[in-house]
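Presented below is the structure to which this report refers.
Please treat every number below as a calculation from the coordinates, not as lab data. Note that the coordinates shown come from a computational prediction; the quantities given were computed from them, not determined experimentally. As a convention, Cβ positions derive from the backbone with ideal geometry for all residues, glycine included, and neighbour counts pool all protein chains shown.
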Amino acid sequence: MLEQLLIFTRGGLILWTCKELGNALKGSPIDTLIRSCLLEERSGAASYNYDAPGASYTLKWTFHNELGLVFVAVYQRILHLLYVDDLLALVRREFSEIYDPKRTVYNDFDETFRQLRMEAEARAEELKKSKQMVKPVNNSKKQGQAQKAGSDKGNKKREGSSAAGGGDDNDEGKGRKLENGNSNGKNFEIDKPRMTAAVNGKENTSSNFSAFDVSKLQKRTKGGKKTDTVVNKGSKVDLKKKVTKKNRVWDDAHPETKLDFTDPVDGNGNEKMEVVPASQGESMMDVEEIISSDSEGEEDDNVQKDSKPEATKKGWFSSMFQSIAGKANLEKGDLEPALKALKDRLMTKNVAEEIAEKLCESVAASLEGKKLASFTRVSSTVQAAMEEALVRILTPRRSIDILRDVHAAKEQRKPYVVVFVGVNGVGKSTNLAKVAYWLLQHNVSVMMAACDTFRSGAVEQLRTHARRLQIPIFEKGYEKDPAIVAKEAIQEATRNGSDVVLVDTAGRMQDNEPLMRALSKLIYLNNPDLVLFVGEALVGNDAVDQLSKFNQKLADLSTSSTPRLIDGILLTKFDTIDDKVGAALSMVYISGAPVMFVGCGQSYTDLKKLNVKSIVKTLLK
């Protein structure tokens, strides 16, 4: 049964709802659809599933882009109503005829909707009956085919037995064809080994099945032994000589006495480590990035060149007249060349193919049926719509001001906890140290928690960063439960009055269930304020797999009814990708989490914010 159908404008004004249905929806499926699907440029999807306590809904929608209207139908997911798409199309057609922008009440549409609903249900019933009438015919055909196939197999078995007993001439001819390879490839590949196994021993001496020469093998092994002995003798000579590397001496330079550039050690055996004060350099997080505003004409020309074969089909006069007068309504065929060019461009910028395709579908859904303005090309219209969609996706939907959240937690006399998660080798520990340096510059006391008890050297690596930055570190060594280590670190920070606890975790692949279960336990037990996913800017399609599976595993393995998922993204190695910035778009699109930090170098100051305008400009360049 249909739960609800409503019509509203793109501005959010509800024009009509079905009073006849009048069912109170559990939760807020319409608001969630607008937030998670329509505003996030996922409107190219066919439907949206919403789960609420005690109910599961499916939502379907359609647009009237010229009038700026949205039509949404809500029904129980278990019902699988067949007439919803047809009903939405009928409602869209009828309501667009009576729509007036100055009018806000449409009570007279109730009777029209009742008739349309009855018509759509009747069509669905007829379609269902016709399918039921067709099914028995298909089943009888399949049964007849199965019987025929069974009889054929029986005949073949009888023929095979007679051939084995009497040796029919026709069967011998078939066998020869298979042996010579004149039959199809499947029979030849499968049947040839069987034929050769059945023949006598003379067949083994043929060129295809020749036996291995044992004498050659013995010669090779003898030769191998000789070469091994020669190598061993040479190694003994090298050990006796003990050749050491000599330092290169240039003409006017003094000779170096040693080549050891490790950290110096004093008489007591303690390392003299270089300390990096917070005042050494300003973090790039606090530096505003300036973008040069170039003309957009080149970008439009590039898109037009990509769709040039379509343009040459039309005459000069017709294209000129169309650009002056404007096109009546944009159709899907008009948008396809420009969208294909944009999809290819996004994929060359390292955007995942699945994400690029969904974005183009969403842009097509938002433009189809719209009237093209005068002196405007289709390519520039599509590009403007895509640019608007990219800005909307990459702009955070909530505040990402960590300093404000830290001060709010400080007023409540508790530390602000940040957990860094991600796959192996992306730079979690290094970028954790960069975040710590940035917080120190804003007079925030920081404590590090070494919860990577899995990888060898992880605790020592974090200890080195802590010594250089002169901040405390909480560690318990290796082979400990990281959830318990993190809990004790937070308790220690509360006693010492530290403002922020930065928790370093082990790198883990998204398919490693034991490590993902340990991470889910750490997040559930400590309830951090921020869960940061650290990912490389170098990844393409794998970004979708990593983030979606991380979120899925955190949700599935959590014992809480409301599991914590990824709250933000830290992109690393951003200085190595040139204009291949598509990973940022892929990660934000698949998770809905904002990019909060961007790592762009090897020093502690190389951490900055994501510039949305710069990313969008690079993607569409």
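Non-local amide H neighbours of THR395 (under 5 Å, H modeled in plane, Pro and chain starts lacking H): which ones?
Residues meeting the amide H criterion: none.
Amide H to amide H, which residues 5 or more places from GLU536 or on other chains are under 5 Å from it, using H placed in the peptide plane?
THR572
How big is the gap, in Å, between the Cα center of region 519-539 and the Cα center of region 446-512?
13 Å
What do the square roots of 5 times the Cα gyration tensor eigenvalues come to for region 402-616, in whole Å, largest first, as semi-axes of the equivalent ellipsoid?
On the way: eigenvalues 120, 86, 56 Å².
For region 402-616, the semi-axes come out at 24, 21, 17 Å.
Kindly write out, for region 89-96 in residue order, the coupling ³J(HN,Hα) from the Karplus curve 6.51 cos²θ - 1.76 cosθ + 1.60 (θ = phi - 60°), rounded to whole Hz, with x marking Gly and Pro.
Per-residue couplings from phi come out as 5, 5, 4, 4, 5, 6, 6, 5 Hz.
What does the convex hull of the Cα atoms come to per residue for region 376-438, in Å³? Each step should come with its number before you reach the end.
On the way: hull volume 9.6 nm³, N = 63.
Dividing the Cα hull volume of region 376-438 by its residues yields 153 Å³.
Using 7 Å Cα-to-Cβ label points, what is the ILE98/HIS442 separation (nm, one decimal)?
Here the modelled spin labels are 5.5 nm apart.
Pairs to check: LYS553/LYS609; LYS102/LYS371; LYS428/LYS609; LYS487/LYS521; LYS480/LYS573. Give those whose C-alpha atoms are more than 22 Å from each other in this structure.
Beyond 22 Å: LYS553/LYS609; LYS480/LYS573.
Taking H as built 1.01 Å from N, whose amide H comes closer than 5 Å to the amide H of VAL417, not counting residues under 5 places away?
Amide H neighbours of VAL417: VAL501, ASP529, LEU530.
Among the listed pairs LYS434/LYS476; LYS358/LYS608; LYS340/LYS434, which are separated by more than 31 Å between their Cα atoms? Each step should come with its number before you reach the end.
Details: LYS434/LYS476 23 Å; LYS358/LYS608 29 Å; LYS340/LYS434 40 Å.
Beyond 31 Å: LYS340/LYS434.
Eigenvalues of the Cα gyration tensor times 5, then square-rooted: what semi-axes does that give for region 2-126, in whole angstrom, largest first?
21, 19, 14
In whole Hz and in residue order, list the ³J(HN,Hα) couplings for region 598-603 that follow from phi through the Karplus curve 6.51 cos²θ - 1.76 cosθ + 1.60, θ = phi - 60°; x for Gly and Pro.
Ordered by residue, 3J(HN,Hα) equals 10, x, 9, x, 10, 8 Hz.
Working out 0.36 nm times the residue gap between ASN424 and LEU21, then minus their Cα-Cα distance, what length gain in nm do you get to one decimal? Write out the running numbers ahead of the final one.
Values: separation 403, 0.36 × 403 = 145.08 nm, distance 5.30 nm.
In short, 139.8 nm is gained.
Tell me, in nm to one decimal, what length is gained between HIS407 and LEU525 on full extension, where the rule is 0.36 nm per residue of separation less the Cα-Cα distance?
40.2 nm
Compute the orientation-averaged projected area for region 332-394 from the convex hull of its Cα atoms and round it to one decimal in nm².
The orientation-averaged projected area of the Cα hull of region 332-394 comes to 4.2 nm².
At 0.36 nm per residue, and after removing the present C-alpha to C-alpha distance, how many nm does the segment from ARG398 to TYR478 gain when stretched out fully?
25.1 nm
Residue by residue through region 518-532, which ³J(HN,Hα) values in whole Hz follow from phi under the Karplus form 6.51 cos²θ - 1.76 cosθ + 1.60 (θ = phi - 60°), with glycine and proline marked x?
Couplings: 5, 5, 4, 5, 4, 5, 5, 6, 9, 6, x, 6, 8, 10, 9 Hz.
DSSP beta bridges in region 402-616, what fraction antiparallel, as a percent rounded to 5? Could you put the intermediate results ahead of the total?
Values: 2 of 28 bridges.
Counting DSSP beta bridges with both partners in region 402-616, the antiparallel share is about 5 percent.
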